[in-house]
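The structure appears below as structure tokens.
The values are calculated or read from the model by the stated rules, or taken from the named source; none is laboratory data. Since this is a predicted model, take the numbers as computed values, not measurements. Neighbour counts are summed over all protein chains in view; Cβ atoms, including those assigned to glycine, are modelled from backbone coordinates with ideal geometry. Surface accessibility is based on the protein's heavy atoms, side chains included, excluding ligands, DNA and RNA. Shrake-Rupley method; radii C 1.70, N 1.55, O 1.52, S 1.80 Å.
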Amino acid sequence: MSYWLFKSEPSKWSWEDQKKKGAAGEEWDGVRNYQARNNMRAMKLSDKGFFYHSNKGLEVVGIIEVCKPAHPDSTTEDPRWECVDVRALYDMPKPVSLREIKANPKLAKMALVTSVRLSVQPVTEDEWREVCRMGGLDPAP
């Protein structure tokens, strides 16, 4: 299993919006960055991800799961752009802020700290476990 972080502006697509989609999930569409697209191409069914509120909130608020592998993005006819579908699994009991992540030496190399603009990012297993621990979740995969 691999781990990821998905950034979304809450005014455009919030954690509450994601949860309302239920088990069917929703396309993580509209990504127009090659590195983020390539990250989605690398995802497998059941990979887990952090749902991160960017711009407003700046915190990990939930856990999502890839429920459909990479496929053409329905918001464009340009064949270069693909996306995955994700579904909400559960809330982060205690949202983990960017400030807390940056203050934790164990997370100094996390893409959220080093590649702040990338909207879909890989997360190492150690980073996954540490952020889960910080948020009050059992970090077991």
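Expressed as a fraction of 2.2 N^0.38 Å, the rule-of-thumb size for a compact globular protein of N residues, what is the C-alpha radius of gyration of segment 41-141? Don't skip to the end; give the middle numbers.
On the way: Rg = 14.2 Å, N = 101, 2.2 N^0.38 = 12.7 Å.
Ratio of Cα Rg to 2.2 N^0.38 Å: 1.12.
Just to check I understand the Karplus step: with θ = phi - 60° and J = 6.51 cos²θ - 1.76 cosθ + 1.60, what whole-Hz values come out for segment 46-51, glycine and proline as x?
Listing the rounded values in order: 6, 4, 9, x, 8, 9 Hz.
At 1.4 Å probe size, with no ligands or nucleic acids counted, give the accessible surface of Ser115 in Å², nearest ten.
Surface open to solvent at Ser115 totals about 50 Å².
Just to verify a number: what accessible area does Asp78 come out at with the full protein assembly present, 1.4 Å probe, Å² rounded to tens?
Result for Asp78: roughly 50 Å² accessible.
Under a Cβ-Cβ cut-off of 13 Å, what is the net charge of the residues other than Lys21 that fall near it, where Lys and Arg count +1 and Asp and Glu count -1? Could you put the intermediate results ahead of the total?
Working: positive: Lys19, Lys20, Lys68, Arg87; negative: Glu16, Asp17, Glu26, Glu27, Asp29, Glu65, Asp85.
Charge balance in the 13 Å sphere: -3.
With every protein chain present, what accessible area does Glu26 have (1.4 Å probe, heavy atoms only), rounded to the nearest 10 Å²?
60 Å²
Do the alpha carbons of any pairs in Lys12/Lys106; Lys19/Lys48; Lys48/Lys68; Lys21/Lys102; Lys19/Lys94 sit beyond 20 Å of each other, and which pairs? Display every interim value, and only then the final one.
Working: Lys12/Lys106 31 Å; Lys19/Lys48 15 Å; Lys48/Lys68 12 Å; Lys21/Lys102 31 Å; Lys19/Lys94 17 Å.
Too far apart for the 20 Å limit: Lys12/Lys106; Lys21/Lys102.
Name the shape class, rounded, prolate or oblate, that the alpha-carbon gyration tensor gives for segment 5-60, where a ≥ b ≥ c are the square roots of its eigenvalues, rounded holds for a/c under 1.5, and otherwise prolate holds if a/b is larger than b/c and oblate otherwise.
Because a/c hits 1.5 or more and a/b fails to exceed b/c, segment 5-60 counts as oblate.
Based on DSSP H runs of at least 4 residues, each adding -39500 (n - 2.57), what is the mean residue ellipticity at 222 nm of the chain after dividing by all its residues, to the nearest 500 deg cm²/dmol? Let's see the in-between values first.
Details: 5 runs with 34 residues, N = 141.
Roughly -6000 deg cm²/dmol at 222 nm, from the helical runs in the chain.
Could you tell me how many degrees, from 0 to 90 and to the nearest 10, lie between the Cα long axis of helix 125-134 and the main elongation axis, the longest principal axis, of the Cα atoms of the chain?
Roughly 60 degrees between the two axes.
Round to a whole angstrom and tell me the spacing of the C-alpha centers of segment 93-141 and segment 1-74.
15 Å
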